[in-house]
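First up is the structure itself, then whatever we jot down about it.
The values are calculated or read from the model by the stated rules, or taken from the named source; none is laboratory data. Keep in mind that what you see is a predicted model, and the values were worked out from it rather than measured. All Cβ positions, even for glycine, are placed from backbone atoms using ideal geometry, and neighbour counts span all protein chains on display. Heavy atoms of the whole protein, side chains included, go into the accessibility calculation; ligands, DNA and RNA do not. Shrake-Rupley method; radii C 1.70, N 1.55, O 1.52, S 1.80 Å.
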Amino acid sequence: MSSEPRFRVAICGAGIGGLTAALALAKSPDIEVQVYEGAQQLAELGAGIGLFSRPWELIRKLGLDTDLLKCTEIKRVEGPVTAFNYRKSDTPEGIEFYTLVTKGNLMTFHRPDFQNVLLQNMPRSTRIHCAKRLRSYNQRPTGPVELFFEDGTTATCDVLIGADGLKSAVRRSMFIDKARIAQSERKMAEAAECEASIEPVWSGTNAYRALIPAERLNARYPGHRTFTQPTQYLGKDGYVIAYPIAKGKFINFVAFKARHDLENTKFNGPWVSATDSSEVTSMFRTWEPEVQALMDCIDRPLRWAIHIMRPLSTYVHGRVALIGDAAHASPPHQGSGAGQAIEDAFVLATLLAHPSTNRQNLSRALSIFDHVRRPVAHDVHERNRLNGQYFTFHYTNLNPSEELSPEETLKRLKELGEAFTKNWEWAWTTSAEPVVREALRLLNES
């Protein structure tokens, strides 16, 4: 790196989005990248993540696919492939009703493995600072952006990327600043909208996550289908998803309990906490035996109160940008959170790394990022929300009080499968490439 970089980028948050952005930017040796992580050490919570074809295409462009494939038992398939089996499971006898076929398979990873691959590929020139939790920042029309950390230290940068997740300090500082400006201009409605953009809201759904040792499940239910086939077990007001990770050593288990009437309300209690298994198993005690076997194998699941962001009016302000959950935390019902963070990081890094981008026009590059990515992310947010309703029989023609023949039940279930597939197929039938091309076109015209 030259003694004077083209510009300096600070990234708050060393999750999937932040590290991907750092790695993509580090390919430009004249851009200085510093990553600030609030945790004492880099350690992702041990959950599984999945990538469909759209984000996997970007992983290949970043040169990470070979190393990531070493972390999973799944071999990449490009053609049509079975992704999930679907069962109606909220009765003692389950009904298999649908198989989701995607173009290219769902690549699943243990989240710490994914993070380690990003770190292993990070050049030494990129410095990662732990125990550096941002409190706020200050941005003036000229000069560097000032960063203020919880430990009392400060730093400066030319561009600040907020990849600091759901409770983003960057987002808080950004919208407090925007609200202040709107109030000074007597734009009270705009100021109120900015203030409402600071805090996440509860989706009305809780997720109970656990890693089940494969040996334990096999002892309880030999040959359980989730050893070889990712499966979603659906029912009224809840569903379970389970699939193998870590080369088959574990089954990634998530059970969802939905209260759709409480969407966009405040959750009372810690957002993430270990809980007794009975809190989740009690709801599923009348479900089919395969689900019971999974429930019997969890001890202290992590309860995640699923919080989301209302669609924001912007992801950028001057030379500050939000990516990933900090920008558009969505319900998790299409497994698209990691993929959307990767796409944010890739598009933003492409614009910043472009030879025409310099200290004088950084805000233009960020505004283009907002213009091309925000509509996509908001569309994905709504599609995730709708899938959550489909999977819990909230948005369906299956009425529990209606007496249906087995044939009519199966027909309506298959119609449900076709509906959620149509809502979801963007993840494997579309590409981020048109978004990148549009971003570069706008940059070249500016």
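Working from the alpha-carbon coordinates of region 23-88, get Rg over Rh, Rh being the Kirkwood radius.
Numbers: Rg = 16.4 Å, Rh = 15.5 Å.
Result for region 23-88 is an Rg/Rh of 1.06.
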Have a look at the DSSP beta bridges in the chain and tell me what percent are antiparallel, nearest 5. 75 percent
Radius of gyration, Dmax [region 286-368; alpha carbons; angstrom]: 19.6, 63
Hull surface divided by four, with the convex hull built on the Cα atoms of region 1-122: how many nm²? 10.3 nm²
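Given 0.36 nm per residue, what is the gain on full extension from Arg364 to Glu215 after removing their alpha carbon distance, in nm?
Numbers: separation 149, 0.36 × 149 = 53.64 nm, distance 5.41 nm.
Taking 0.36 nm per residue and subtracting the Cα distance, the gain is 48.2 nm.
Kindly flag which residue pairs out of Lys266/Lys422; Lys132/Lys167; Lys27/Lys249 have an alpha-carbon separation exceeding 23 Å in this structure.
Details: Lys266/Lys422 32 Å; Lys132/Lys167 15 Å; Lys27/Lys249 35 Å.
As for pairs spanning more than 23 Å Cα to Cα, those are Lys266/Lys422; Lys27/Lys249.
Hey, any idea what Rg/Rh is for region 255-323, computing Rh the Kirkwood way over Cα pairs? Please list the in-between numbers first.
Numbers: Rg = 17.4 Å, Rh = 15.1 Å.
Across region 255-323, the Cα-based Rg/Rh ratio is 1.15.
Rounded to the nearest 500, what is the 222 nm mean residue ellipticity of the chain from helices alone, with -39500 (n - 2.57) per DSSP H run of 4+ residues and division by all residues? Please report the intermediate quantities before stating the final value.
Working: 15 runs with 165 residues, N = 446.
The helix-only estimate for the chain comes to -11000 deg cm²/dmol at 222 nm.
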Could you tell me what fraction of 2.2 N^0.38 Å the Cα radius of gyration of region 266-407 comes to, as a two-decimal ratio? 1.45
Starting from 0 in steps of 5 Å, tell me what percent of the Cα-Cα pairs of region 42-176 lands in each bin. 2, 8, 13, 14, 13, 13, 12, 10, 7, 5, 3, 1, 0, 0
Rounded to the nearest Å, what's the spacing between the alpha carbon centres of region 1-76 and region 340-366? Just the number, please. 15 Å
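Mind checking the per residue accessible area of the chain for me, 1.4 Å probe, whole number of Å²? Could you put the intermediate results ahead of the total?
Values: 18890 Å² over 446 residues.
With all protein chains present, the chain gives 42 Å² per residue.
Please report the relative contact order for the chain, taking Cα pairs under 8 Å with a sequence separation of at least 6, and give it as a percent rounded to a whole number. The partial results should precede the final answer.
Values: 905 pairs, mean separation 90.2, N = 446.
In percent, rounded to a whole number, it is 20.
So if I place +1 on the C-beta of Lys and Arg and -1 on the C-beta of Asp and Glu, and nothing else carries charge, what would the dipole magnitude of the chain be about its Cα centre? I want it in debye, nearest 20.
Working: 53 positive and 51 negative charges, 185 e Å.
Dipole of the chain, to the nearest 20 debye: 880 debye.
What's the tally of Lys pairs in region 60-126 whose alpha-carbon atoms lie under 24 angstrom apart, where the two lysines are 8 or more places apart or on different chains?
Numbers: Lys61/Lys70; Lys61/Lys75; Lys61/Lys103; Lys70/Lys103; Lys75/Lys103.
Counting lysine pairs in region 60-126 gives 5.
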With equal scatterers on the alpha carbons only and no solvent term, can you work out the Debye log10 of I(q)/I(0) for region 329-412 at 0.10, 0.16, 0.27 1/Å? -0.44, -0.73, -1.20
Rg/Rh for region 390-430, where both radii come from Cα atoms and Rh is the Kirkwood radius: 1.08
Overall Cα dimensions of the chain - principal axes, largest extent first, Å: 69, 50, 43
Compute the angle between helix 406-424 and the longest alpha-carbon principal axis of the chain, please, reported from 0 to 90 degrees and rounded to the nearest 10. 10 degrees
In Å and whole numbers, how far do the C-alpha atoms of region 186-327 stretch along each principal axis, longest first? 67, 32, 23
Trypsin sites (Lys or Arg not before Pro) within region 281-324: which are DSSP loop residues with at most 14 other Cβ atoms inside 10 Å? Arg285
The distance between the Cα centres of region 371-446 and region 154-187, in whole Å, is 31 Å
Using only Cα atoms, find the angle between the long axis of helix 111-120 and the longest principal axis of the chain, and express it within 0 to 90 degrees, rounded to the nearest 10. 30 degrees
With everything on Cα atoms, drop me the angle between helix 16-25 and the longest principal axis of the chain, reported from 0 to 90° to the nearest 10. 40 degrees
Within region 16-71, list the trypsin sites (Lys or Arg not before Pro) lying in a DSSP loop whose Cβ has at most 11 other Cβ atoms in a 10 Å radius. Lys70
Find how much the distance from Thr156 to Ala192 grows on full extension, using 0.36 nm per residue of separation minus their present alpha carbon separation; answer in nm with one decimal. 10.0 nm
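Could you work out the percent of alpha carbon pairs in region 136-254 separated by over 24 Å, rounded to a whole number? Before the final figure, lay out each step's value.
Values: 3940 of 7021 pairs.
So the portion of pairs separated by more than 24 Å is 56 percent.
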Around Gly238, what is the net charge, scoring Lys/Arg as +1 and Asp/Glu as -1 over all other residues with Cβ under 9 Å from its Cβ? 0
